[in-house]
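Q: Below: one structure in structure tokens.
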Amino acid sequence: MNTIIDQTHQGHTWPLAHAVPDPDSAHNVVLNINGQEIHLKIEPWVSLLDALREYVGLTGTKKGCDHGQCGACTVLIDGKRINSCLTLAVMKQGCQVTTIEGLSKGDELHPVQEAFVEHDAYQCGYCTPGQICSAVGLINEGKATTRDEISELMSGNICRCGAYPHILDAIEQVKGAGSHE
Ligand code: FES
Ligand code: FES
């Protein structure tokens with residue numbers, strides 16, 4: 001198990017990574033991340049993206065633009081994809097937050113993760129966690145039926161390496177195989 005989450009299970013309330021919250025401004029916030037209850041002391045203006053990376057130490061979610069324009073920070077909230085850079089962590093108390101770290105079950109990859117590996121759908125990999133979370137959200141939405149529609153509905157996720165054709169191949173394969181949580 002992730003030692004950070006392990007520490008939280010032991011009852012620590014802490015900025016578990018390297019963020020240092022202002023003690024005069026920090027509030028107690030409880031987030032459910034990847035099925036684990038995480039207790040944090042955090043300022044109300046901290047984005048969910050920074051909370052995940054700097055306070056919880058889950059660095060799979062990436063910071064690209066920090067302005068809602070690249071999709072690198074995409075996570076799932078109650079199964080729906082959002083840009084975590086545009087969301088305040090305190091607003092997500094009581095929600096189920098799923099990050100790239102929470103998609104696999106132990107060593108068993110999520111079908112979308114498997115398909116990305118199978119189709120070589122990444123180069124540098126920086127956009128990949130956001131692409132995969134977004135693809136899982138897209139599949140949950142059950143909307144896109146054609147390759148063009150998948151492309152359109154994934155257009156909020158930018159890949160600087162241009163891995164789009166392989167990303168689409170991977171998503172098409174999983175959509176063809178049925179929907180997955
Ligand atoms: S880092 Fe959030 S959209 Fe770019
Ligand atoms: S694989 Fe490099 S940014 Fe997408």
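Each reported figure results from applying straightforward, stated rules to the coordinates on display, with no laboratory input. Because the structure is a prediction, the values reported are computed rather than measured. Every residue, glycine among them, receives a Cβ derived from its backbone with ideal geometry; neighbour counts consider all protein chains shown.
Q: Please find, in a Gaussian network model of the chain (springs between Cα atoms separated by less than 10 Å), the residue of Lys143, Lys80, Lys92 whose mean-square fluctuation is greatest.
A: Ranking Lys143, Lys80, Lys92 by mean-square fluctuation puts Lys143 first.
Q: Hey, any idea what the orientation-averaged projected area of the convex hull of segment 109-181's Cα atoms comes to, in nm²?
A: 4.1
Q: Quick check: from the Cα gyration tensor, does segment 19-83 come out rounded (a/c under 1.5), prolate or oblate?
A: oblate
Q: Answer rounded, prolate or oblate for segment 45-90, using the Cα gyration tensor with square roots of eigenvalues a ≥ b ≥ c: rounded when a/c is under 1.5, else prolate when a/b is larger than b/c, else oblate.
A: Judged from the Cα gyration tensor, segment 45-90 comes out rounded (a/c under 1.5).
Q: Right, here's the next one. Taking the Cβ of Lys62 as the centre, find all other residues whose Cβ is under 15 Å away and add up their charges (Lys, Arg: +1; Asp, Glu: -1).
A: For residues surrounding Lys62, the net value is 0.
Q: A follow-up question, please. What Kirkwood Rh does segment 23-181 have if only Cα atoms enter the pairwise 1/r average? Answer in Å.
A: Computed over segment 23-181, the radius equals 15.8 Å.
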